[in-house]
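Engineer: One structure, pasted below without further comment.
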Amino acid sequence: MSGNLGGWTGLVLIVVVLLLFGAPKLPALAKSVGQSLKIFKSEVRPDSDAGESDTTASSEGSESPKE
C-alpha cells in the first residue's frame, strides 16, 4: 500500500498535514516524532552490553562467600 505513495498522493498528504497542524507547529511536531522514533529504535534494538552486565552481576551475587 505504501508503495503507491508518490506524486499527487504525497502532495495531498502534505497539504492535509499543513491544514491540520499549521506551519508554525510543524518543526515541533517533526522534532517530537524524531525523538519518539529514536527512543523506539533504541528499545527495539537488542543491546548486547546490557545483557552481559546483567548476567555477570547476577552470577556474582549468587556465589556463596568462601570462609
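Engineer: Looking only at residues that are at pLDDT 90 or above and surrounded by 10 or more Cβ atoms within 10 Å (Cβ to Cβ) in the range 34-56, which one is nearest to ILE14 (Cα to Cα)?
Structural biologist: Among residues in the range 34-56 that are at pLDDT 90 or above and surrounded by 10 or more Cβ atoms within 10 Å (Cβ to Cβ), the one nearest to ILE14 (Cα to Cα) is GLY34.
Engineer: Given the conditions (1) among the small types (Gly, Ala, Ser); (2) assigned to a helix (DSSP H, G or I); (3) at pLDDT 55 or above, which single one is not true for SER59?
Structural biologist: So the condition that SER59 fails would be (3).
The values are calculated or read from the model by the stated rules, or taken from the named source; none is laboratory data. Just so it is clear, the structure is predicted and the values come from calculations on it, not from any experiment. Please note: Cβ atoms are built from the backbone with ideal geometry, for glycine as well, and neighbour counts cover all protein chains shown.
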